[in-house]
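Visitor: Shown below is the structure under consideration.
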Amino acid sequence: MNIRLLNTDEQPPMELLLLADPSKKIVEEYLNRGKCFIAENGKEIIGVYVLLPTRPETVELINVAVAEEHHGKGIGKNLVLNAIETAKSQGYKTIEIGTGNSSISQLALYQKCGFRISEIDTDFFIRHYDEEIYENGIRCRDMIRLSQDL
């Protein structure tokens, strides 16, 4: 597997990005402001993440997604660890990430990769998404924010 920055002449893998965020409008907005990285297995794109500068010396890891047929192979963890190393190499001091209260496995993964819960944005998904989101039998309502000092 190879992880690289998406070239400016390449289209972002929207089908993967929409796995992690169901709003095409929101995905397009942060793609315009951030840098998209893809994981490839040969010529097949199997994973994606976006790094978005938010404040001085701070970057947010957004939209970590892995193709469903490749779940359970450690690709998500490799993407998160790659994002952390990329942020460090670019001089950032803090990396942040947010996920839904219903995203149980993602919360575990991010903490295993060194992130700590820093805040909860109550009703984030109710305010910003028209459709209700359910995951693991739980309604996604709140954004759990995590961060890591680099």
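Visitor: Counting Lys and Arg as +1 and Asp and Glu as -1, what is the net charge of the other residues whose Cβ lies under 14 Å from the Cβ of Gln111?
Guide: Summing Lys/Arg as +1 and Asp/Glu as -1 gives +3.
Visitor: Around Ile126, under 11 Å between beta carbons, what's the net of Lys plus Arg minus Asp minus Glu among the other residues?
Guide: Here the charged neighbours net out to -3.
Visitor: By how many nm would the segment from Met1 to Met14 grow when fully extended, if each residue of separation counts as 0.36 nm and the alpha-carbon distance is taken off?
Guide: 2.7 nm
Visitor: Remind me, relative contact order of the chain in percent, using alpha carbon pairs under 8 angstrom and six or more residues apart?
Guide: RCO, the chain: 19 percent.
Visitor: Now for a different question. What residue among Ile117, Ile104, Ile95 has the largest mean-square fluctuation in a Gaussian network model of the chain, using Cα springs under 10 Å?
Guide: The residue with the greatest mean-square fluctuation here is Ile104.
Visitor: Can I ask one more? Just how many % of Cα pairs in the stretch 50-95 lie over 15 Å apart, if you round to the nearest whole percent?
Guide: Result for the distance tail: 43 percent.
Visitor: Continuing with this model, one more query. Using a 1.4 angstrom probe on heavy atoms only, work out the carbon and sulfur share of the accessible area of the chain in %.
Guide: Carbon-and-sulfur percentage of accessible area, whole number: 46.
Visitor: Under a 10 Å cutoff between Cα atoms, tell me which one of Pro56, Pro12, Pro22 has the largest fluctuation in the Gaussian network model of the chain.
Guide: Maximum fluctuation in the GNM of the chain, among the listed residues, is at Pro56.
Visitor: Ile138 to Glu85: extension gain in nm, 0.36 nm per residue of separation minus the Cα-Cα distance?
Guide: The span from Ile138 to Glu85 would gain 15.8 nm if fully extended.
Visitor: Can you compute the modelled spin-label distance between Glu57 and Asn41, with each label point 7 Å from Cα toward Cβ, in nm?
Guide: Spacing of the two 7 Å Cα→Cβ label points: 4.0 nm.
Visitor: To the nearest µm²/s, what D does Stokes-Einstein give for the stretch 74-145 at 25 °C and 0.890 mPa s, using the Kirkwood radius over alpha carbon pairs as Rh?
Guide: 185 µm²/s
Visitor: What does the accessible area per residue of the stretch 15-145 come to in Å², with a 1.4 Å probe and no ligands, DNA or RNA counted?
Guide: Per-residue accessible area for the stretch 15-145 comes out at 55 Å².
Visitor: Any chance you could get the radius of gyration and Dmax over the Cα atoms of the stretch 38-119, in Å?
Guide: Values for the stretch 38-119 (Cα only, Rg and Dmax): 12.8, 39 Å.
Visitor: For the chain, set up a Gaussian network in which alpha carbons nearer than 10 Å are linked by springs, and say which option among Tyr134, Tyr49, Tyr92 fluctuates the most.
Guide: Answer for the Gaussian network model of the chain: Tyr134.
The values are calculated or read from the model by the stated rules, or taken from the named source; none is laboratory data. What you are looking at is a predicted structure, and each value in this text was computed from that prediction instead of being measured. Methodologically, a virtual Cβ is constructed for each residue, glycine included, from the backbone with ideal geometry; neighbour enumeration extends over all protein chains shown. For accessibility, only protein heavy atoms count, side chains too; no ligands or nucleic acids. Shrake-Rupley method; radii C 1.70, N 1.55, O 1.52, S 1.80 Å.
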